[in-house]
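Student: Just passing along the structure, written as structure tokens.
The values are calculated or read from the model by the stated rules, or taken from the named source; none is laboratory data. Model, not experiment: these values are computed from the prediction. All Cβ positions, even for glycine, are placed from backbone atoms using ideal geometry, and neighbour counts span all protein chains on display. Accessible surface is based on the protein model in full, side chains and every heavy atom, while ligands, DNA and RNA are left aside. Shrake-Rupley method; radii C 1.70, N 1.55, O 1.52, S 1.80 Å.
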Amino acid sequence: MSRVIVLGAGVLGASVAYHLATAGAQVVVIEAGGPAAGTSSATFAMDVTHLKTPRTYYELNRDSAALHARLAEDLGGPSWRHPMPAIQWGDSDESQQGLRERALRLKSWGHPCRIADPSELRELAPAVDPAACTARDIVIHDQSAWYDAPLFVQRLLDRAATLGADIRYGLRAQALIRRGETVTGVETGTRRWEADWVVNCTGPDADRIAVLAGTDLPMTRIPGLVGESTPIPGLRLGAILATPEVDLRPAPGDRICSISWPVDALLPGQSDDALADRLHAGGQRVLPALRTARLAGARLGVRPVPADGLPLVGPHPDAPGLYHLVTHSGVNLAPELGRLAAQEIIEGSAEELTSYRVTRTMATSVRDESLTLMTTR
């Protein structure tokens, strides 16, 4: 039986732990905070498959989105997955042309999306102010979804625990145990934990773990502000909205979740309170019902972002035994990356992960289109 320590109890750590426990591994999860305490609870958390390039990466995201649906059925109980269409529109000829070109490319890949008249916006999301969309056409992704990431994490960890996983909160990896070059465990204060594999799912802290092993990871951190409104009883937003100024989706408890790439572009800089006000004001211009609500909170999430936008997966040759799993869009990718990482740890290989090795030569330009969007607004 393989003994595996998973560092981090966010979406990636929870998924790896679940899939390892399902495969019969002896699993210990070590987390400094609580379940989904970091970036996993400060994320817009939607199906972002339509934003992913190149095609192989799009397909990885597509497969993971499909696995979200299967996991929700397999685990039963309240679902973290909420299917609904996603609607995009632009505010300039250039942005509208870009959306049309992306939609045509996606359709050629078999992705369910369509270019539609803005009148459909009024049918799918009548709560939207008609003046908020001045585009000639919109793009609709009919089979999208948003995710309740903290619930997703808790459901996976609960099932992993019933399969024997030992979940430990309030512990921080302070050193790695090594036998020669091989990583064989973790030290947390006065406690030593030994295993056959240590899996680094610590998100923004992942490069610190790599340094403990004498290696590094080609990654950076990109902050993002995620807002959530006070409850708006009676508001039924039937679609995820990706507008030029702000993205909006439903959230548990009759709330609205919001992010804004233009606002994030000002981080760090202006005060978080000023940016939160700007984020909420942008949402109010799209959804008039938000004018009756306050921003209940705005969390600053720190996205762990590999240099070329693609996941960093697997061990470094200078530190065998330490398996890295680092990506942005972690909520969407967690089911499939967790499954494949567990497969590789247990069986020794997962061909689908070949393109994402930590030792690959980084492209001179960003390959993931969603990262381009994130960093150029």
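Student: Could you state the principal axis extents of the C-alpha atoms in segment 156-313, from the largest down, to the nearest angstrom?
Tutor: Over segment 156-313, Cα extents along the principal axes are 62, 38, 27 Å.
Student: Further question on the same structure: Using 0.36 nm per residue of separation minus the Cα-Cα distance, give me the extension gain between D158 and D272 in nm, one decimal.
Tutor: In short, 37.6 nm is gained.
Student: If you don't mind, there's one more thing I want to ask. With every protein chain in place, what's the accessible area of S258 (1.4 Å probe, Å², nearest 10)?
Tutor: 10 Å²
Student: Rank these residues by their accessible area, most exposed first, probe 1.4 Å: S108, S15. Mind showing how you got there, number by number?
Tutor: Working: S108 80, S15 0 Å².
Reading off the accessible areas and sorting them downward yields S108, S15.
Student: With the other protein chains left in place, how much accessible area per residue, in square angstrom, belongs to the chain at a 1.4 angstrom probe?
Tutor: Values: 15330 Å² over 377 residues.
For the chain, the solvent-accessible area averages 41 Å² per residue.
Student: Determine the share of the chain's accessible area contributed by carbon and sulfur atoms, expressed in whole percent, with a 1.4 angstrom probe. Numbers along the way, then the final one.
Tutor: Details: 7530 of 15330 Å².
Of all accessible area on the chain, carbon and sulfur atoms account for 49 percent.
Student: With the contact rule set at Cα under 8 Å and sequence spacing of 6 or more, what percent relative contact order holds for segment 162-259? Intermediate values should be presented prior to the final figure.
Tutor: Working: 113 pairs, mean separation 15.4, N = 98.
16 percent.
Student: In a shell of Cβ-Cβ distance under 12 Å around Q96, excluding Q96 itself, what net charge do Lys and Arg (+1) and Asp and Glu (-1) give? Please list the in-between numbers first.
Tutor: Values: positive: R100, R102, R136; negative: D91, D93, E94, E101, D137.
Net charge around Q96: -2.
Student: Can I ask one more? Just want to confirm a number: the relative contact order over the chain, from Cα pairs under 8 angstrom separated by 6+ residues, in percent.
Tutor: On the way: 792 pairs, mean separation 94.0, N = 377.
Contact order relative to length: 25 percent.
Student: Let me spell out the model: positive unit charges on the Cβ of Lys and Arg, negative unit charges on the Cβ of Asp and Glu, origin at the Cα centre of the chain. What dipole size does that give, in debye rounded to 20? Walk me through the intermediate numbers first.
Tutor: Working: 37 positive and 43 negative charges, 68 e Å.
Around 320 debye, computed over the chain.
Student: Please turn the phi angles of segment 59-70 into ³J(HN,Hα) values with the Karplus equation 6.51 cos²θ - 1.76 cosθ + 1.60 (θ = phi - 60°), one per residue in order, whole Hz, x for glycine and proline.
Tutor: 5, 4, 5, 4, 5, 5, 4, 5, 5, 3, 5, 5
Student: Follow-up. Rounded to whole Å and sorted largest first, what semi-axes of the equivalent ellipsoid does the C-alpha gyration tensor of the chain yield via the square root of 5 times each eigenvalue? Provide the component values of the computation, followed by the final result.
Tutor: Details: eigenvalues 261, 91, 76 Å².
That gives 36, 21, 20 Å for the three semi-axes.
Student: Counting only C-alpha contacts under 8 Å and six or more residues apart, can you give the relative contact order of segment 228-334 as a whole percent? List each step's numbers first, then the result.
Tutor: Numbers: 129 pairs, mean separation 23.8, N = 107.
That works out to 22 percent.
Student: Considering only the chain, what is the antiparallel percent among its DSSP beta bridges, to the nearest 5? Display every interim value, and only then the final one.
Tutor: Numbers: 45 of 65 bridges.
Here the share of antiparallel DSSP bridges comes out near 70 percent.
Student: Per DSSP helix of 4 or more residues, -39500 (n - 2.57); summed, then divided by the residues of the chain. What does that give at 222 nm, rounded to the nearest 500? It would help to have the intermediate numbers written out before the result.
Tutor: On the way: 10 runs with 121 residues, N = 377.
Mean residue ellipticity, 222 nm, calculated: -10000 deg cm²/dmol.
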